[in-house]
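Asks: Quick one: the structure is below, questions incoming.
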Amino acid sequence: MDRSSDSAAASSGPGAPTDTPDGGSVAYAGGGKHEHRWLILAVIGIAQLMVVLDATIVNIALPSAQQDLGFDDNNRQWIVTAYALAFGSLLLLGGRIADLVGRKAVFIAGLIGFAAASALGGAATSFGMLVFARALQGVFGALLAPAALSLLTTTFTDPRERAKAFGIYGAIAGAGGAVGLLLGGVLTEYLDWRWCLYVNLLFAVVAILGGMRLLHGGRPTDRPQLDVPGTALVSVGLFCIVYGFSNAETHSWGSWQTWGFLVIGALLLVAFAWWEMRAPHPLLPLRVVLDRDRGASYLAMFISGAGMFGVFLFLTYYLQQILGYSPVITGVAFLPMVACMVFSSVVTTNYLVPRLGPKPIVPLGMALAAGGMAWLTALDLHSSYGAHVLPPLLVAGLGLGLVFATAMNLATAGVAAHDAGVASAMVNTSQQVGGSIGTALLNSLATAAATDYLVGKKPSPLVRAQASMDSYSTAFWWSALFFAIGFAVTLVLYRPGVPESALTSEDSAHA
């Protein structure tokens, strides 16, 4: 389906914006009042930050939680995996539930459930209780994340304001991981690891109060029906994919627990695609993903989700294990990168995409991120932060800001109101599944590199440190390769020129 017809569906279908007597407009069904749109952005941003930073804030707390609850290293991964499995496999269902029930109701329910699950995890007295709480967080996160993005999509309908809103939102989504590292370090070092979960209650209360006050209630005017077979196929398929790659971190790639689940997951996703072409009410209508710009944006989110773990995960190890930084100082070390992401996100959506379109912007972002990752491979045991870590961090931050802000905007642009939830869910699904795959692949490759380096060498602190450096360098090179692939893919797929969704009414009149 081409861009013009999709945009027409968005602008003329049920739930589309309508003019008011004073010349303003009200947002799509489920959005907020026109005069409250920037406050709504703040509420949505808080909710999104809570979901995104949770992926890294808990990583910082893991060593303390492990010591407190007494679980071993083999079980430690389940604190992260339980969340990823529930979140990644249920996102599309969560997006469609937002379309069915109403985005305000699902947004508030997701916030309340996420807060309750966080409180349960913070109060955990056993390993099993903590894993259950993390899975529950994933379930409610799968409701919350697509509802938040679809509310943003349907609240900001003017292209210029939409560009500003998505610039800010893209910066939050990209920088949330680094913020989680900083916040997790502060809470773990000065309070207790449990506050890495309890802190979500503070975010949730603010977002709930703001959402109750500002967002429109009621069910959507144009409600799709739930595709039960499609939901089952994609949910189980994504579960198997995420579970298989998670197992690759603790089992060999030849283990049936790795390749078996990956094969089953792939077959189920193929079956899901086949069913969606025939279903009377598809969970993921093909019109959503077959638009070139939108499909390219989903792939950009997938690839950047896989590649950015080369920064957050392995650079964290380097800063703490080689340079001896504390968790708090490690988090502070990422702040310049966050600042670059915020700057490039806002500049991109407000000035670059409306003038140049996505084709030169996203590939440039991928190239910068690839360059930053390749630059990090030059780190050694004697490198310093200012001279050797900071420059590639700034380059990677600029690149990621170009990618996230543009891809998130175009992935939901021109979507009909009744598809906004599932289109938004695809953004989160792409990033989450990409992150799970990237984490497993990079961990496996880094571990193998360290093992190979130690073969035939007498273990000593210096040799072990050098083996760690070899593993980090391997991860950075592979992360650079991911972004290089992203450069080629987005350069080919994105249409040249400025998309209609980025044109203001004045621009369209002169086009």
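The values are calculated or read from the model by the stated rules, or taken from the named source; none is laboratory data. If you're wondering where the values come from, they're calculated on a predicted model, not measured in any experiment. All Cβ positions, glycine included, derive from the backbone under ideal geometry; neighbour counts span all protein chains shown. Areas reflect the complete protein model, heavy atoms only, side chains present, ligands, DNA and RNA absent. Shrake-Rupley method; radii C 1.70, N 1.55, O 1.52, S 1.80 Å.
Asks: Quick one: GLY331 ticks every box in (1) open to solvent by less than 10 Å² (accessible area, probe 1.4 Å); (2) free of Cβ contacts under 8 Å to residues at least 12 places away in the same chain bar one, so which box is it?
Replies: Tallying (1) open to solvent by less than 10 Å² (accessible area, probe 1.4 Å); (2) free of Cβ contacts under 8 Å to residues at least 12 places away in the same chain, GLY331 fails exactly one: (2).
Asks: Continuing with this model, one more query. Would you mind telling me which numbered condition in (1) in contact with a Ser or Thr (Cβ under 8 Å, 6 or more places away or on another chain); (2) open to solvent by less than 10 Å² (accessible area, probe 1.4 Å) SER304 fails?
Replies: Evaluating SER304 over (1) in contact with a Ser or Thr (Cβ under 8 Å, 6 or more places away or on another chain); (2) open to solvent by less than 10 Å² (accessible area, probe 1.4 Å) leaves (1) as the failure.
Asks: Restricting to the stretch 114-159, give me the number of residues that are over 20 Å from SER235 (Cα atoms) and without any contact (Cβ under 8 Å) to a residue 40 or more places away in the chain.
Replies: 5
Asks: For the stretch 452-484, which positions are among the hydroxyl-bearing types (Ser, Thr, Tyr) and within 17 Å of PHE302 (Cα to Cα)?
Replies: Scanning the stretch 452-484 gives a single hit, SER479.
Asks: I'm checking my understanding of the structure. Among residues of the stretch 453-511 that are β-branched (Val, Ile, Thr) and part of a loop (DSSP other than H, G, I, E, B), which one is modelled with the highest pLDDT?
Replies: VAL455
Asks: Within the stretch 90-112, take every residue that is open to solvent by 10 Å² or more (accessible area, probe 1.4 Å) and of a type in the set (Gly, Ala, Ser) and give me the one that is modelled with the highest pLDDT.
Replies: Once the filter is applied, the top-ranked residue is ALA109.
Asks: Still on this model: Filtering the stretch 70-89 down to residues that are of a type in the set (Phe, Trp, Tyr) and assigned to a helix (DSSP H, G or I), which residue is farthest from the chain's Cα centre (by Cα)?
Replies: TRP78
Asks: Out of all the residues in the stretch 345-363, which are in contact with a helix residue (DSSP H, G or I) (Cβ under 6 Å, 6 or more places away or on another chain) and modelled with pLDDT of 90 or more?
Replies: ILE361, VAL362, PRO363
Asks: Return the pairs, sorted by first residue and then second, in which the second residue is part of a helix (DSSP H, G or I) and of a type in the set (S, T, N, Q), the first residue lies in the stretch 307-318 and is open to solvent by 10 Å² or more (accessible area, probe 1.4 Å), the beta carbons are less than 7 Å apart, and the residues are 6+ apart or on different chains.
Replies: PHE309/THR439; PHE312/THR56; LEU313/THR439; THR316/THR330
Asks: Please work out which one of (1) small (Gly, Ala, Ser); (2) in contact (Cβ under 8 Å) with a residue 60 or more places away in the chain; (3) open to solvent by 50 Å² or more (accessible area, probe 1.4 Å) is the condition ALA420 fails and give its number.
Replies: The number of the failed condition is (3).
Asks: Scan (1) touching a helix residue (DSSP H, G or I) at 6+ places or on another chain (Cβ under 8 Å); (2) touching a residue at least 12 places away in the same chain (Cβ under 8 Å) for the single condition GLN66 breaks and write down its number.
Replies: (2)
Asks: Sort out for me the helices (runs of 4 or more DSSP H) sitting completely within the stretch 269-341 that have 1 or more residues that are within 30 Å of LEU187 (Cα to Cα) and at pLDDT 85 or above.
Replies: In the stretch 269-341, the matching helices (runs of 4 or more DSSP H) lie at 292-307, 314-317, 327-333.
Asks: Looking at the stretch 262-279 only, could you name the residues that are open to solvent by 30 Å² or more (accessible area, probe 1.4 Å) and in contact (Cβ under 8 Å) with a residue 40 or more places away in the chain?
Replies: Residue satisfying the conditions is TRP275 alone.
Asks: Taking only the stretch 404-435 into account, find how many residues are within 24 Å of PRO354 (Cα to Cα) and either outside any helix (DSSP H, G or I) or at pLDDT 80 or above (or both).
Replies: Selection size over the stretch 404-435: 14.
Asks: If you take the residues of the stretch 247-261 that are crowded, with 18+ Cβ neighbours inside 10 Å and part of a helix (DSSP H, G or I), which of them is modelled with the highest pLDDT?
Replies: Per the criteria, the residue is PHE261.
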